[in-house]
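The values are calculated or read from the model by the stated rules, or taken from the named source; none is laboratory data. Predicted, not measured: the structure shown is a model, and the values here were computed from it. Neighbour counts run over all protein chains shown; Cβ positions are idealised from the backbone, glycine included. Surface accessibility is based on the protein's heavy atoms, side chains included, excluding ligands, DNA and RNA. Shrake-Rupley method; radii C 1.70, N 1.55, O 1.52, S 1.80 Å.
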Amino acid sequence: MTRPTIRNRFFILRRDFALLGTNEAFRHYAARLRRRMRRPDAVSMDQNFDRRFGVDTTESSLPDDLRIRSASKKWGVHYWPTPENQFRNMLQCVQADLRGYVFVDMGAGKGLGLLMASEYPFKKIIGVEYSEALAAIAQKNIAAYDSQTQQCQDLTCLCADAIDFRLPPEPTVLYFYNPFQAKVMDRVIKNIERSLRDQPRDLWIIYYIPWEHRKFERSRELRVTESNWKFCIYQSVQRMPVLSHEW
Ligand SMILES: C[S@@+](CC[C@H](N)C(=O)[O-])C[C@H]1O[C@@H](n2cnc3c(N)ncnc32)[C@H](O)[C@@H]1O
């Protein structure tokens, strides 16, 4: 799987130093190095979520063979689950009545984003994950998820490459937790633009750890509503219908 491109490595460094300050950033990198060296016993922060809801979304227990057949693998980023409080903060930035919206997690991994989204009143929730092994775990998690407060029951995780996924025609919230970069992101953005031109509608994009934020910012179909080092939010540009000049 891919490592950050040189430009994206600069993005990560600049973000960490801007967010944390020099001393804290050095401490953060030293701690990360120590964690890497004892990774087999590392306790993941998402284990708390798993215990509460009877699922398995940790990064520390991944199958040896992820069974990825797509050529996009070269540009795909490793599985890492979204922290729960971060997910809530980002979703709060979407100014819409979610009852009419479909939520799509592009690169759904073990399905944690789908489960967290199901606590909101989305009409439907779809995960797109190109690893057969992870998509199967996500489906198992959906079946096992035991929450009294779940608001959306219509959840599924498809095993597919994000570049082949056709967006639903309804208003949509698209979630990206830094799943891929470079050419794959270009193709996915083109698909979003085409879909918006064919079916103009309200569409929001939540992009967590936005290595490729420039690509979204170049799009004429999207406008930025929030942008910081951790995440960016985009909304589809609402185009006025072209008026006829017949009087
Ligand atoms: C950082 S993880 C995010 C996991 C999940 N969205 C979450 O929040 O818990 C990125 C995921 O994207 C998947 N991925 C990478 N490239 C992909 C592609 N081209 N199509 C579908 N999934 C992809 C990876 O297998 C990985 O599970």
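Cross-link pairs exceeding 27 Å between alpha carbons, from the set Lys74/Lys190; Lys110/Lys183; Lys73/Lys110; Lys73/Lys123; Lys140/Lys215; Lys123/Lys183: Lys73/Lys123; Lys140/Lys215; Lys123/Lys183. 3J(HN,Hα) couplings calculated from phi for segment 216-230 with the Karplus curve 6.51 cos²θ - 1.76 cosθ + 1.60 (θ = phi - 60°) are, in sequence order, 5, 5, 7, 6, 7, 8, 10, 10, 7, 10, 7, 8, 8, 5, 8 Hz; Gly and Pro show x.
Out of all DSSP beta bridges with both ends in the chain, state the antiparallel percent to the nearest 5. Each step should come with its number before you reach the end.
Numbers: 12 of 33 bridges.
So the antiparallel bridges in the chain amount to around 35 percent.
Neighbours of Met185, meaning other residues whose beta-carbon lies under 9 angstrom from its beta-carbon, give a summed charge of +1 when Lys and Arg score +1 and Asp and Glu score -1.
For a paramagnetic label modelled on Arg67 (point 7 Å from Cα along Cα→Cβ), amide N atoms under 17 Å away belong, within segment 145-175, to 157-161. The per residue volume of the convex hull around the alpha-carbon atoms of the chain is 141 Å³.
Taking the Cα centre of segment 143-247 as reference, the dipole from Cβ charges on Lys and Arg (+1) and Asp and Glu (-1) amounts to some 480 debye.
Computed with a 1.4 Å probe over protein heavy atoms only, the accessible surface of segment 48-236 comes to 45 Å² per residue.
With runs of 4+ DSSP H residues as the only contributors, calculate the mean residue ellipticity of the chain at 222 nm using -39,500 (n - 2.57) per run, divided by the residue total and rounded to the nearest 500.
Details: 8 runs with 88 residues, N = 247.
Helix contribution divided over all residues of the chain: -11000 deg cm²/dmol.
Share of the chain's accessible area from carbon and sulfur, percent, 1.4 Å? Don't skip to the end; give the middle numbers.
Details: 7090 of 13740 Å².
Ligands and nucleic acids excluded, carbon and sulfur reach 52 percent.
Computed over the chain with a Gaussian network model linking Cα atoms closer than 10 Å, the most mobile of Asp146, Asp64, Asp161 is Asp64. With the chain treated as a Gaussian network of Cα nodes joined by springs under 10 Å, which of Ala30, Ala117, Ala135 yields the largest mean-square fluctuation? Answer for the Gaussian network model of the chain: Ala30.
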